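The values are calculated or read from the model by the stated rules, or taken from the named source; none is laboratory data. Just so we're clear, the structure is a prediction, and the values are computed from it rather than from any experiment. Using ideal geometry, Cβ is built from the backbone for each residue, glycine included, and neighbour counts are taken over all protein chains shown. The accessibility values were calculated without ligands, DNA or RNA, using every heavy atom of the protein model including side chains. Shrake-Rupley method; radii C 1.70, N 1.55, O 1.52, S 1.80 Å.
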Amino acid sequence: NTVAGKLEIAENFLYGAVQTGSLVSRVDKMETDMYGQKSSGSVMTRVDKLYNNLEGAPVNGKLSMATMMNVIEWQFSDRMSIDAAKTRLSHLETQIFGTEYASRLNRLTKAAFPNGSLTSSTVVLPKDSLIKVKFMEDINSKTNQQGDTIDFIVDDNVYVGDALVLPKGAKGYGQIKKIVQPRIFGRDARIDLDFSHVVAVNGGAVPVTVGDLAKQQAKTAAGAAGASIGGMILFGPVGVVGGAFVKGSSVTIPAGTNTYVQVAEDTSVDGVILAGSAVAGQQLDGNTQEGGPQTAQPASAVTKETAGETAAEPA
């Protein structure tokens with residue numbers, strides 16, 4: 001809550017590290033990099049403005065810079081980067097415009113959503129909501145070790161009502177919990193994974209786990225083409241089915257493989273309402289239903305006008 005503390009948080013977000021120099025010079029640099037010019041006023045007021053614009057909670061539906069960066073990257077590339085914001089801005093501007101500009105987010109926002117407007121809405125992502133995820137790198141019982149991180153992403157847009165909460169491409173975090181090597185009597189290796197959380201559109205963490213609901217949903221989606229590894233049901237790209245996951249006595253989870261996880265607890269998220277934009281995805285009703293958990297249902301086109309019409313069904 002101190003001026004120095006807020007400035008350090010803002011610098012870590014924008015540059016990836018705390019900067020050196022006096023408070024005034026650091027604030028001058030941040031304002032120039034963000035807005036193209038320095039502002040007037042006390043250092044405390046200027047730091048509060050920078051902090052609130054970067055990672056603050058939404059006020060009157062206004063999005064923080066963190067949320068804006070996430071939703072713009074998602075719109076253009078179906079991914080949400082974890083790099084420093086300045087690096088992400090430069091990459092997007094060069095990729096889209098061929099050069100960098102002083103007025104940054106406004107120009108990118110108009111390019112990403114030319115026919116729509118963005119507002120923020122705080123919603124609750126219900127416990128046990130099902131999320132489809134995809135592995136981005138191979139995991140192999142021969143080459144990987146316990147404690148290795150696993151690279152996975154959300155593989156479909158997830159809405160609560162008309163608010164986008166988990167964009168397709170949102171990064172997930174987890175690690176390899178255990179690897180059991182091949183044993184006697186022809187028993188193959190086993191990989192156990194520990195899923196921690198996925199990153200919401202506002203940059204917050206949504207805790208996830210693989211429970212009975214996630215296993216059943218994956219089994220239903222996979223049908224006869226799935227494979228069970230460490231208690232999970234996996235399904236994935238063409239040609240990767242059933243026994244193809246097991247090669248000799250080792251076990252591999254290939255990049256591109258899908259499975260499901262479920263939300264571990266009710267989680268508040270500052271979602272984004274894309275007024276005037278139609279985007280496919282999974283949709284959840286924001287109201288908890290009795291008689292069962294809420295599951296993501298496919299939506300061919302979610303818009304501000306129609307997103308609230310499809311309610312979640314019991315698993």
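In this structure the amide hydrogen of His197, modeled in the peptide plane, comes within under 5 Å of the amide hydrogens of Tyr173, Val208, none closer than 5 places in sequence on its chain.
Cβ-Cβ distance of Ser77 and Ala205, R₀ of 22 Å, FRET efficiency by 1/(1 + (r/R0)^6): the value works out to about 0.55. Only protein heavy atoms count here; on that basis, with a 1.4 Å probe, Ser22 has an accessible area of about 70 Å². Computed with a 1.4 Å probe over protein heavy atoms only, the accessible area of Tyr15 comes to about 40 Å². A Förster radius of 45 Å combined with the Cβ-Cβ distance from Thr99 to Thr2 puts the calculated FRET efficiency at roughly 0.75.
Given R0 = 35 Å, the distance between the Cβ atoms of Val24 and Ala275 translates into a calculated FRET efficiency of 0.30.
Modelled spin-label separation between Glu137 and Gln181, with each label point placed 7 Å from Cα along the Cα-to-Cβ direction: 2.2 nm.
Per residue, the accessible area of segment 23-155 comes to 50 Å², computed with a 1.4 Å probe over protein heavy atoms only.
Here's how it looks for Lys62: its modeled amide H is under 5 Å from those of Ser120, which are all 5 or more places away or on a different chain.
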